[in-house]
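Novice: Structure incoming, see below.
Please treat every number below as a calculation from the coordinates, not as lab data. Nothing here was measured: the structure is a model prediction, and the numbers come from that model. Here Cβ is always computed from backbone atoms with ideal geometry, including for glycine, and neighbour counts include all displayed protein chains.
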Amino acid sequence: SSDLSRLFRWPAWRRLRKQHRAQAAAMLDRVKLGDALHLYPHEMSGGMRQRVALAQTLIMSPEIILLDEPFGALDEATREDLQRLLLSLHEENQTAARQGQPPQHTLIIVTHELNEALLVGDRVLGLSQYWDWRTENHPQCPGATIIYDKPAPVFKPEHAQDFESFTRQREEIRRVVFDPDARCCRNEHVVPIAATAS
């Protein structure tokens, strides 16, 4: 059926194919893979395939993008390039907001790397089983829950390695989320989004 449609609507299909190929090439340039346009997956390194996966996701323009430990297997240079790309997506969201438009990109990143979370996120949530569940009358720990939820510093891509400025927040997250002796109340380190939007 699609082959017949393609046959009878050849000029329109050809224009659409050309448009899609141009969009794909532009997205590959964006993730610094413009030179790899004609490579097959088996000809790419793991880092290149990771960048292709991100490009494929971005080109589909989904409402939400979930990245689960996206940069764990990458070398440092590639990881920094992709972190800068995520920061540029945040800048695009800010530009859209200034023009009264909704954000183009909403990303949820799951990572154990605190520096990365603080660097590329505008909000950091920490889940932990180490919280004071007894104050909520639970007979036993009900499991991990969000006990940390605060805005993160937002960096511009050119300042991506300025880790000094979020040392305090990183140490707070380590204490609240990872220290079994901290035992904070569940909402003690949660700042509602409405409170940060004003």
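Novice: With N set to the residue count of the chain, report its C-alpha Rg divided by 2.2 N^0.38 Å to two decimal places. Walk me through the intermediate numbers first.
Specialist: Numbers: Rg = 21.3 Å, N = 198, 2.2 N^0.38 = 16.4 Å.
So the Cα radius of gyration is 1.30 times the expected 2.2 N^0.38 Å.
Novice: Given the peptides 17-28, 74-85, arrange them by the average over their residues of other C-beta atoms within 10 Å, most packed first.
Specialist: Values: 17-28: 12.7, 74-85: 16.6.
Those peptides, ordered most packed to least, come out 74-85, 17-28.
Novice: For residue 44, which sequence-distant residues (separation of 5 or more, or a different chain) have an amide H within less than 5 Å of its own amide H, given hydrogens modelled in the peptide plane?
Specialist: none
Novice: I've got another one for you. Once label points are set 7 Å from the Cα along Cα→Cβ at both residue 32 and residue 170, what is their separation, rounded to one decimal in nm?
Specialist: Between residue 32 and residue 170, the simple spin-label model gives 2.1 nm.
Novice: Using 0.36 nm per residue of separation minus the Cα-Cα distance, give me the extension gain between residue 15 and residue 76 in nm, one decimal.
Specialist: Numbers: separation 61, 0.36 × 61 = 21.96 nm, distance 3.95 nm.
Full-extension gain reported as 18.0 nm.
Novice: Summing -39500 (n - 2.57) over the DSSP H runs of n ≥ 4 in the chain and dividing by its residue number, what mean residue ellipticity at 222 nm do you reach, to the nearest 500 deg cm²/dmol?
Specialist: Details: 7 runs with 84 residues, N = 198.
Calculated at 222 nm, the ellipticity per residue is -13000 deg cm²/dmol.
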